[in-house]
Structure formats: C-alpha cells, structure tokens
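> One structure is given below, represented as structure tokens, and several questions about it will come after.
The values are calculated or read from the model by the stated rules, or taken from the named source; none is laboratory data. All values reported here derive from a predicted model rather than from experimental measurement. As a convention, Cβ positions derive from the backbone with ideal geometry for all residues, glycine included, and neighbour counts pool all protein chains shown.
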Amino acid sequence: MHEVRGVVVKAKNEPATLETILVPDPGPGEALVDVLTCGVCQTDLHYKVGAVGEDFPYLLGHESSGIVSAVGEGVTEVAVGDHVILNWRAVCGQCRACRRGEPLGRTRG
C-alpha cells in the first residue's frame, strides 16, 4: 500500500479537502505514478457541484504528470523512473497523430 494525498470532495457543493488516501500496489497491467503536477479545470467544478453525478466522494484532478514509481506484472510500455503524462482520454491508435507516434497530437519537445 502507498499513502498519498489528494483533493477530495465528499458531498455536493461542499468544500474540497486535502485527504490522505491509501493506494494498493499496482496489479497486472497497472503502473503507480508519483504525481508531480496536477491541473484543476472546469470538469473538477462540475464534479464538485454534482453535475457529473452524485456518487460522492470524488478525487479531483485528472490532468497530471509524474514519475512511474512501481509497475505491475506484464507492464512493458513504461518503467520505474519514466516521466509520464496521465491521459484521461483513450488514445485511438488510428488517427494521423497516433500513427506518427504522437497520440496527444503534439511533438516531443
């Protein structure tokens, strides 16, 4: 288990709070990322006010980057120490950006 901190909203329109969360070791096909940066956007506000659903609590922040700290069995795409961007949108693998190895539509800088 890994102890992390996250911003959580527990009920509709309630203030978000910084909470300690226990995250299990990564299972097969999973990776654990130590988040270094996390953006907050309008989507997080939608969750906070219950516009997305009322299945509280919600862990806010889905635009993140960090470093892989552990990988589960069978993980071959990333390794411990890799710097990664956490993409909450599925990558299609078929569009022009994906075919040229840039699934987020951006070149490496």
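> Can you tell me how many residues within the stretch 1-37 are acidic (Asp, Glu) and within 22 Å of Val71 (Cα to Cα)?
Total meeting the criteria: 4.
> Given the criterion surrounded by 15 or more Cβ atoms within 10 Å (Cβ to Cβ) and on the phi > 0 side of the Ramachandran plot, identify the matching residue among Gly6, Gly61.
Of the residues listed, the single one that is surrounded by 15 or more Cβ atoms within 10 Å (Cβ to Cβ) and on the phi > 0 side of the Ramachandran plot is Gly61.
> Identify, please: which residue in the stretch 39-61 is closer than 29 Å to Val78 by Cβ, over 13 Å from the mean Cα position of the chain (by Cα) and assigned to a loop (DSSP other than H, G, I, E, B) and is, among those, modelled with the highest pLDDT?
Filtering the stretch 39-61 for residues that are closer than 29 Å to Val78 by Cβ, over 13 Å from the mean Cα position of the chain (by Cα) and assigned to a loop (DSSP other than H, G, I, E, B), the one modelled with the highest pLDDT comes out as Pro57.
> Also, I was wondering about something else. What is the one condition in (1) loosely packed, with under 15 Cβ neighbours inside 10 Å; (2) over 14 Å from the mean Cα position of the chain (by Cα); (3) modelled with pLDDT of 90 or more that Leu36 does not satisfy?
For Leu36, the failing item is (2).
> Quick check: is even one residue across the stretch 26-35 out of contact with any Lys or Arg (no Cβ under 6 Å at 6 or more places or on another chain), outside any loop (DSSP other than H, G, I, E, B), free of Cβ contacts under 8 Å to residues at least 40 places away in the same chain and within 23 Å of Gly81 (Cβ to Cβ)?
yes
> If you take the residues of the stretch 71-104 that are touching a helix residue (DSSP H, G or I) at 6+ places or on another chain (Cβ under 8 Å) and surrounded by 11 or more Cβ atoms within 10 Å (Cβ to Cβ), which of them is modelled with the lowest pLDDT?
Ranking the qualifying residues of the stretch 71-104, first place goes to Leu104.
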